[in-house]
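Here is the structure we will look at.
The values are calculated or read from the model by the stated rules, or taken from the named source; none is laboratory data. Quick caveat: nothing in here was measured; it's all calculated off a predicted structure. Because the Cβ atoms are built from the backbone with ideal geometry, glycine has one as well, and the counts that use them run over all protein chains shown.
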Amino acid sequence: MTTRKSQVFPLESSHCWACFPLTLTYGSPIEPTKVNVLLIEINPFAPVTTPISLGYISSFLRSKGFTVKILTVGQDVSVSSANLRQLISSFQPALVGLSAYQRTMLYVIGLAKFIKSIDTNIKIAIGGPQATFMPSAAFAELPDIDYICRSSGEVTLFRIAEAIKNGTPFSDLQGVSYKDTDGSVHDTTELEGFADLDRYPSPYLDDVFDYSRMREAIMLTSRGCPHRCLFCYTPHAFKQKVSFHSVDTVIEEIKWINKKGVTRLWFADPNISFKPARLIELLDRILKEGLELEMWLQTRADLVTPGLMKKMKQAGVSTIAFGLESASERVMARLDKHVSIQKVADAIRLAQNEEIEVELFTMFGLPYEAFEDAVKTLEFVKENRVKIMGNTNSQQMQIYFGTDMGRHYEDHNIRPLKNNRPAYLSIGSQYETDYMSHDEIQKIQGLWRANSLDGGKRIVS
């Protein structure tokens, strides 16, 4: 499909929604007798990718009898507000679910306002990493949001959709905070998702996605992480637990995706080799089935071996990403990550020996990190012959809701630059530390961009 890059108009202080680049992708046929659910992922800062999380939610809701469409918003295609108005008016969703991230919150707010201007009866929920631990006080500044999802997306959206279907949208809810018709805010009890991920229908096997638009398939063979890195949202969100799909299910999905003509896979598991034997079984099955794939995956540097790396190469892994964070042992000791710098260097060498491309996730502006420490990280990446491009472009640490850093930033000598930020925004990058001023943080950012092979265009946040 040929597309053109479009202009993204900034949101004014009133959050008027003007024009988003987007692509309407996936869903089930409209059946007027059923409750319709529209799921939207917004990221106007990058090209559209497979909305895997919304795919799982869509597949689960469809299995429960709901009609679902997914709308993905990116920088590579565009539509006017009139087109979106037509979509809302024709599909008539009773519930709209919006993915929320720190950097997209103004877009979420503007889009919610636009949807409510079409039909005030449409209920709007926000979910995703920004929503899970967002304070309920944020409702005061989110006039068009009805629900903030706190638990697993599939079961939480199902509970909301069921309540709307029953005509009682603010009754019998779990896993959410909500604002009822008189503006009162309520926090409900947590709702547990499934520990066995095979209990969720597969969005791939259910043909939720349009493969003709798919450049690479994003896969999730597991969810969660058992570690407690202070800067990371995942440990708190998943209670340091890891849940899995069976290898049989993963292989079935890969074979189906491959049959549809997609050969590039992006494994988004936080730590795919948490169980090394399971990963080896998965790679062996890929080889046994004769599947020709190009794969990207990420894992901890202390969970790879020469044998595992060789097996990865044989199965089609072309790129592996490790979390370095910082090349200063003094700084790393404060992050509760417990991976030595030498271990990362060893893992890089193992991958390079097999001609697997390496990417390193790094950050600056970390607690106890002086400017000289941040320079060490840049030098480590260069010395280990890792290309500074794509995911290896470094970024300032982001302080998000749900992280230990966000909950206890004072204990880590972090000073927010703004104390009057909206309740729906976390500190993000608006801080300095006792060890690095805001100007020094900007200076190290400039050094990374000066050394970047792609101008620092792809920054993961």
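Computed values, structure above
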| read-out | value |
| --- | --- |
| Residue in the range 176-190 that is at pLDDT below 95, closer than 30 Å to Thr299 by Cβ, out of contact with any Asp or Glu (no Cβ under 8 Å at 6 or more places or on another chain) and surrounded by 16 or more Cβ atoms within 10 Å (Cβ to Cβ) present | no |
| Members of the range 175-203 found to be among the acidic types (Asp, Glu) and part of a loop (DSSP other than H, G, I, E, B), listed by number | Asp180, Asp182, Glu190, Glu192 |
| Subset tally (residues that are among the aliphatic types (A, V, I, L, M), modelled with pLDDT of 95 or more and touching a strand residue (DSSP E or B) at 6+ places or on another chain (Cβ under 8 Å)) for the range 440-461 | 2 |
| Count - residues of the range 361-405 that are free of Cβ contacts under 8 Å to residues at least 24 places away in the same chain and either within 28 Å of Ala46 (Cα to Cα) or not assigned by TED's automatic domain parsing to the domain that holds Ala333 (or both) | 0 |
| Residue list for the range 54-72, restricted to those being polar (S, T, N, Q) and surrounded by fewer than 21 Cβ atoms within 10 Å (Cβ to Cβ) | Ser63 |
| Residue within the range 214-232 that is over 30 Å from Arg62 (Cβ atoms) and among the basic types (Lys, Arg) present | yes |
| Complete set of residues in the range 344-375 that are surrounded by 20 or more Cβ atoms within 10 Å (Cβ to Cβ) and among the charged types (D, E, K, R) | Glu359, Glu369, Asp373 |
| Residue list for the range 413-439, filter: out of contact with any strand residue (DSSP E or B) (no Cβ under 8 Å at 6 or more places or on another chain) and assigned to a helix (DSSP H, G or I) | Asp439 |
| From the options Cys232, Cys225, residue that is in a loop (DSSP other than H, G, I, E, B), touching a residue at least 60 places away in the same chain (Cβ under 8 Å) and under 18 Å from the mean Cα position of the chain (by Cα) | Cys232 |
| Some residue of the range 404-412 being buried (at least 16 other Cβ atoms within 10 Å of the Cβ), closer than 24 Å to Gly127 by Cβ, out of contact with any strand residue (DSSP E or B) (no Cβ under 7 Å at 6 or more places or on another chain) and among the hydrophobic types (A, V, I, L, M, F, W, C) | no |
| Matching residues in the range 391-407 - criterion: being outside any helix (DSSP H, G or I) and either modelled with pLDDT under 95 or within 17 Å of the chain's Cα centre (by Cα) (or both) | Gln395, Met397, Gln398, Ile399, Tyr400, Phe401, Gly402, Thr403 |
| Output for the range 142-165, where each listed residue is farther than 23 Å from Gly110 by Cα and either within 23 Å of the chain's Cα centre (by Cα) or modelled with pLDDT under 95 (or both) | Ser151, Ser152, Glu154, Val155, Thr156, Phe158, Arg159 |
| Only listed residue being touching a Ser or Thr at 6+ places or on another chain (Cβ under 6 Å), polar (S, T, N, Q) and modelled with pLDDT under 80, chosen from Ser80, Ser28 | Ser28 |
